[in-house]
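The values are calculated or read from the model by the stated rules, or taken from the named source; none is laboratory data. Small disclaimer: the values here were computed from a predicted structure and weren't measured. Every residue, glycine among them, receives a Cβ derived from its backbone with ideal geometry; neighbour counts consider all protein chains shown. With ligands, DNA and RNA removed, areas are computed over all heavy atoms of the protein, side chains included. Shrake-Rupley method; radii C 1.70, N 1.55, O 1.52, S 1.80 Å.
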Amino acid sequence: MNNLWQDVRYGIRILLNKPGFTAASVLVLALGIGANSAVFSLINAFLLKPLAIAKPAELTGLYSRDTKHPDAYRGFSYPNYVDIREHNPVFSSLMAHTMAMVGVQEGDDTRRAFAAVVSSNYFSTLGVNVLKGRPFLAEQEKPGAELTVIVSYPFWKKRGEDPQLIGKQLRINDHLFTVVGITPKGFTGTTALVSAELYVPLGAYGLVMNDFDGQVKPLSDRNNHTLIAVGRFKPGMTQQAADAALAVIGAQMEKAYPAENKDQTLLVRRLSRTSISTNPTDDANMRVPAFLLLSLAAVVLLIASLNLANMMMARGAARRKEISIRLAVGGGRRQIVQQLVTEGLILAILGGVAGLFAASWSTTLLIDSLARLAPIEVVYDSSPDVRVLIVTLLFCALSTVIFGLFPAWKLSKPDVWVDLKEKIGEDVGSSGRRLFSRSNLLVMAQLSLSLMMLTAAGLFVHSAIRAANVQPGFSLENQVLAEVDASLVNYDEAHASYLYQTLKDRLRQIPGVQSVAIAATIPFGTVGLGKNIAPSDTAVSKEHPALQTRYNVVSENYFKTMGIPILRGRPFTAAESTAGSKTSVAIIDKLAAEKLWPGGDALGRHVHSNAGASPGAAIGVSASGDVAKQNPDLEIVGIVGNVRERIIGGGAEPHLYFPVGQDYKTDVQFHIKTVGGGPVAEKQMLEAIRREIRTTDPRLPLLAFKTMSEHLDSSVDIWVVRTGAHVLEIFGSVALFLAVIGLYAVNAFTVARRTREIGIRMALGADASSTLEMILREGLKVTAVGVCVGLLLAIALGQVLAGVLYDIHGFDPFVLALAPVVLTLVAAAACYLPARRAARVDPMVALRYE
């Protein structure tokens with residue numbers, strides 16, 4: 001132990017005596033270790049870090065599965081949930097919850113926020129006490145009870161940690177809720193990072209649930225399957241025993257209520273950390289990108305370690321005489337290796353500390369950018385926990401092994417007599433001039449890996465550029481969006497329909513407005529609707545399955561306003577868009593027509609809509625809901641162009657459009673097509689539109705107001721693609737920087753050690769240009785080998801990345817041509833600087849050089 005402490009003190013003294021080398025080494029390691037710590041910090045937050053709940057391993061999801069269709073699941077109705085909660089041998093506690101997007105009034109404005117609608121035992125089941133106030137009471141599960149709300153810790157913090165918040169009232173969906181509690185810091189429920197802002201009791205279900213499907217059934221309806229159930233196992237309970245006991249309960253419930261519980265069985269499965277769903281889901285969708293990112297970060301660490309290994313070899317060569325003296329006076333080889341490895345470990349720990357600060361800063365920026373995308377609460381603590389610290393220490397140890405052990409082993413076995421007689425700076429042997437010398441091999445490896453990383457970055461950047469210039473099938477120019485929801489101020493269907501029609505007419509009268517239309521959803525939006533449709537003359541079966549479509553409810557002029565071409569037939573009429581319309585018509589896109597009637601004509605044909613999909617949700621949270629209204633027979637009156645609703649996960653999807661008079665929706669988007677005219681005119685137009693909305697009805701909540709380009713630019717899909725490109729840009733740039741520094745260092749060191757040789761050459765007649773060419777040629781040979789090997793690695797990596805790129809292949813000729821050119825040019829510059837220094841050597845000075 002004394003020897004080790006002595007090695008540490010001596011290592012610190014040696015590093016302090018070489019501040020330039022130490023600073024460069026710490027920077028190199030900070031980049032490599034910091035990249036890995038940042039990626040692991042995110043993986044830890046999403047997948048590993050324990051949630052802020054008691055004994056999370058005891059929690060499990062309860063699911064209701066269709067016995068005839070094992071892949072089909074549904075939520076729980078409140079009566080079914082109560083029956084299971086009160087009579088089961090499996091759970092010590094069983095809670096229920098669902099999610100809703102509500103409108104929170106703040107001053108004169110109303111904004112969207114996610115609220116968790118929960119049973120009274122929600123917090124007790126999770127084993128969590130509120131930070132301040134009290135949890136919900138059992139009687140608050142019934143409609144008509146006192147309206148109360150528990151707010152999240154970030155909600156409270158944004159209000160200055162108001163000590164008087166408990167007892168104050170919040171206006172939610174135009175109803176006054178009394179704040180009775182504040183959740184503890186770091187609490188996110190059953191999911192990681194993402195939290196609701198507000199928690200309301202089940203008794204307020206009818207006041208806060210969204211009307212996406214055109215109806216909200218009473219909580220007491222046994223057919224209203226919207227709740228998600230989570231239970232805490234009784235001591236000693238296993239999944240197998242629970243499934244067996246719950247199967248019996250499921251059979252009893254089917255017998256007691258055959259209409260509502262036909263073909264349903266109950267089972268338990270592990271809860272997902274990244275989604276809230278009526279289906280059992282795992283976090284496998286997160287593991288693939290996590291593994292990919294960590295692998296690419298590991299490549300950066302490997303490049304940094306190889307770089308430092310070269311620096312250690314170069315520095316160690318200058319210390320060979322010191323090492324030889326220590327060996328000559330009786331020092332053992334093990335002691336030399338231990339000393340050199342200790343110095344490397346000190347550098348790695350310093351680099352790890354700097355890397356942790358870089359990781360904390362970078363991950364905070366990333367999470368903050370995610371939080372701005374949707375009305376969700378992102379809870380992230382950038383300070384490293386024990387896992388991050390341990391893994392970072394492992395990164396430090398790994399890098400030490402890579403860059404420290406091999407140089408230490410080689411340097412501890414010198415030829416003592418030769419080294420004692422060697423003059424400082426003299427090049428002993430010709431190993432430094434061999435193409436495949438140890439130092440050159442290390443540089444080749446760095447260049448190869450750097451080209452691979454540079455190509456990966458190029459692929460992601462090219463993908464992001466394609467995504468930013470996506471052709472979604474509708475116009476982005478001179479389009480303004482305004483989202484409103486009349487249900488948030490308790491307007492009924494008749495009043496809201498009249499208000500929307502009035503507002504549409506008034507917006508159309510604004511000078512510079514070309515057309516106005518209404519739609520229930522918007523491409524690349526937070527919420528999406530779906531229906532399954534099939535030809536009316538064809539029975540749905542395994543041989544003829546229903547077609548899953550994106551579903552939207554739109555007014556007349558929608559396709560004109562959006563710039564979606566009508567390929568056949570006609571758009572909806574004003575009469576069909578009038579509330580209470582008795583017509584049964586629909587418009588489908590070209591893709592749906594081709595799938596339903598391949599090679600045939602869809603115009604004038606009829607389809608029936610036999611099921612509706614649940615509304616989509618934001619960022620890993622799957623909303624639940626019942627099927628939409630049934631439309632048994634619809635005449636296809638028009639076929640329009642295909643529209644793309646997302647970038648990640650595929651191309652265009654089939655679409656089905658209803659007129660607003662046929663299916664009332666309360667949360668709507670006003671699409672406003674303007675004449676344009678530049679930034680000033682756009683700003684004036686936005687002010688005029690906002691003013692007209694306020695004038696028409698000051699109470700109507702304006703939930704979103706932006707241009708279509710701004711909407712697309714802030715979508716989750718674009719964020720994912722763009723963030724992936726930024727991360728790979730950073731990785732690629734760091735890899736390129738490290739490799740070039742390594743190439744420059746080797747060439748500079750080689751030139752310094754060959755000063756006498758260069759002087760002799762020049763004294764015998766070699767001119768500056770030939771010396772420059774010689775050194776440059778040697779450096780470019782190393783670069784050429786690295787580029788050739790790296791190109792093979794880049795092609796292989798491109799095939800791995802192909803599945804996560806948008807609209808480009810893993811073998812992209814443009815990127816595969818550009819990346820080697822960039823690397824070669826930068827490497828040539830790194831070779832040129834030492835070569836130029838060599839060409840300027842004074843022969844007389846060089847011959848006296850020691």
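Numbers below:
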read-out: Helix 716-753 axis, angle to the chain major axis (alpha carbon atoms, nearest 10°); value: 0
read-out: Protection proxy ranking of 159-166, 8-15 - average other beta-carbon atoms within 10 Å, highest first; value: 8-15, 159-166
read-out: Prolate/oblate/rounded call for the stretch 465-584, Cα gyration tensor, a/c under 1.5 rounded; value: oblate
read-out: Proximal lysines to Lys665, defined as alpha-carbon separation beneath 20 angstrom and excluding residues fewer than eight positions away on the same chain; value: Lys217, Lys504, Lys531, Lys582, Lys629
read-out: Formal net charge of residues neighbouring Leu345 (Cβ-Cβ distance under 14 Å; K, R +1; D, E -1); value: -1
read-out: FRET efficiency estimate (nearest 0.05) - Cβ-Cβ, Asn490 to Phe436, R0 60 angstrom; value: 0.15
read-out: Shape category assigned to the stretch 433-475 from the gyration tensor of Cα positions, a/c cut at 1.5; value: prolate
read-out: All aspartates and glutamates inside 16 Å of Lys683 as judged from Cα atoms, apart from same-chain residues fewer than 8 positions distant; value: Glu477, Glu692, Glu710
read-out: Listed residue (Ala652, Leu193, Gly810) projecting farthest to the positive dipole end of the chain, Cβ model; value: Gly810
read-out: Those trypsin sites (Lys or Arg not before Pro) in the stretch 35-84 that DSSP places in a loop and that have at most 11 other beta carbons within 10 Å; value: Lys68
read-out: CD proxy at 222 nm, helix term only [per DSSP H run n ≥ 4: -39500 (n - 2.57); per residue of the chain; nearest 500]; value: -15000 deg cm²/dmol
read-out: Residue-level accessible surface for Glu692, protein heavy atoms, 1.4 Å, Å²; value: 40
read-out: Nearest-0.05 FRET efficiency for Asp263 and Val401, computed from C-beta distance (R0 51 Å); value: 0.30
read-out: Carbon/sulfur fraction of accessible area - the stretch 730-845, other protein chains in place, 1.4 Å, %; value: 72
read-out: Along principal axes, Cα extents of the stretch 136-285, largest first, whole Å; value: 50, 33, 31
read-out: The chain: angle of helix 239-256 to the longest principal axis, Cα-based, in degrees nearest 10; value: 10
read-out: Cα-projected label distance for Arg570 with Leu48, points at 7 Å along beta-carbon direction, nm; value: 6.4
read-out: Theoretical FRET efficiency, 1/(1+(r/R0)^6), r = Cβ-Cβ of Val386 and Leu825, R0 35 Å, to 0.05; value: 0.20
read-out: Correct option for semi-axes √(5λ) of the Cα gyration tensor in Å [calculated from the coordinates] among (i) 62, 34, 25; (ii) 56, 38, 31; (iii) 82, 52, 23; value: (i)
read-out: Between 0 and 90°, nearest 10: helix 679-696 axis offset from the chain longest Cα axis; value: 30
read-out: Under 15 Å, Cβ to Cβ, from Met286 - net charge with Lys/Arg +1 and Asp/Glu -1; value: +2
read-out: Highest average packing first - 256-269, 119-132, Cβ atoms within 10 Å; value: 119-132, 256-269
read-out: Solvent exposure of the chain as accessible area per residue, Å², 1.4 Å probe; value: 44
read-out: Which of Leu366, Leu16 is most accessible, then next, and so on - probe 1.4 Å; value: Leu16, Leu366
